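Only one structure is covered here, and it is reproduced in the block below.
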Amino acid sequence: MKKSKLWVSVVMVIATGFLFSCEDSSNKGRHDRIFDEVVLVDSMYLELPLYRIQFDLDTGYGYYYPEKMIFKFDQKFRTLDTLGRWGDGPKENLMVRNFQINQSRSVEIFDSELNRFKIQDFNDSVYFSHNFSKSILGGSYFGDNKFIVWSIEDKAKLVFDYIDISSNEIKPVEEINILFREDHSGLIYEGVVNVSRNELFFTSYFASFMFKYNFQTGEVTHSKYIQDFPLPQVLEIGSGVMLDNAAELILDSFIYEDKLILISNVGERKFPGQRILDVYNTKSLKYEKSFLLPKLNDTAPDEGFLHVNGLIGILYEDLVGIFKVKD
């Protein structure tokens, strides 16, 4: 299975949070970090603000939100081609929640506004399109008309389902869904999904919580972050709900070799204003070490991805830093 990063976002519920300002905390669940060396080897400005960046071999792809377009670029981030544009037509997009590149270098797109999955190339040819019968937040495609998708259902609960559109079968992934039974779990545990080979990794923005799901065995492994904070509280305001002053614990997560890397928003007092990469083992989800990220052009990092030749890319607004980490 291709590696891909997918965002779980609650679109009908308002959430608020404050930036941790990368300062130390006195919470009882905190453990000391073990720091290792990271080296900045290059930095490049982007032509446009791109997000959800991913590389397939030496070619990169990113999402340009204002025009709902996907850009293709080389490893120096020079634009090679674009795909799609804003709209609800077959070749257009309203909200690309996530995308992944398949073996033919076509793009597999999940559009959460249109509840649509499609396969499209950079000639704007659409090879396959399907509108789901339920509202989705995102998904991953297995081929052969089979998917795993996630959505928000009754009382804003986060739900994962297997869908086979050949047989019109929807099967809840109970091994995962049991983790999100509480009301408003889609808000409390809003986060990022990474799919790598036969496993799905979930990391929450506001809750100290992550899990791994094995597609072949159905096994679920879950854990907390190195900094263990209480779950955010939900406030009911009129007919809506919001998080009560919730701290954003992480900004992003991505897979690097056999590591799950989190861009932490929980800093260290002795390194004020600097964000940190916390590294966890993908097999056990146990913490291993951390890398201190520098500020670049007076901006802080907020998204990470695997670059080429075993390097790590970190997005700083319109600037990308390329780093080499110690093995």
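Some notes on this structure:
- Test for Leu187: is it within 17 Å of the chain's Cα centre (by Cα) and outside any loop (DSSP other than H, G, I, E, B): yes
- Matching residues, region 303-315, being in a strand (DSSP E or B) and either in contact with a Lys or Arg (Cβ under 8 Å, 6 or more places away or on another chain) or of a type in the set (Gly, Ala, Ser) (or both): Glu303, Gly304, Phe305, Leu306, Ile312, Gly313
- Within region 120-141, tally of residues that are open to solvent by 20 Å² or more (accessible area, probe 1.4 Å) and part of a strand (DSSP E or B): 7
- Odd one out for Phe305, checked against (1) under 15 Å from Val39 (Cα atoms); (2) crowded, with 20+ Cβ neighbours inside 10 Å: (1)
- Looking across region 274-302 at every residue that is more than 17 Å from the chain's Cα centre (by Cα), hydroxyl-bearing (Ser, Thr, Tyr) and in a strand (DSSP E or B), the one that is surrounded by the fewest Cβ atoms within 10 Å (Cβ to Cβ) is identified as Thr299.
- Looking only at region 231-280, and only at residues there that are within 25 Å of Asp56 (Cα to Cα) and acidic (Asp, Glu), the one that is modelled with the lowest pLDDT: Glu257
Residues checked against (1) free of Cβ contacts under 8 Å to residues at least 12 places away in the same chain; (2) not aromatic (Phe, Trp, Tyr):
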{"residue": "Phe128", "(1), (2)": "yes, no"}
{"residue": "Lys146", "(1), (2)": "no, yes"}
{"residue": "Ile163", "(1), (2)": "no, yes"}
{"residue": "Glu169", "(1), (2)": "yes, yes"}
{"residue": "Phe209", "(1), (2)": "no, no"}
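The values are calculated or read from the model by the stated rules, or taken from the named source; none is laboratory data. Keep in mind it's a predicted model, so treat the numbers as computed, not measured. Every residue, glycine as well, gets a Cβ built from its backbone with ideal geometry; the counts of neighbours run over all protein chains shown. The accessibility values were calculated without ligands, DNA or RNA, using every heavy atom of the protein model including side chains. Shrake-Rupley method; radii C 1.70, N 1.55, O 1.52, S 1.80 Å.
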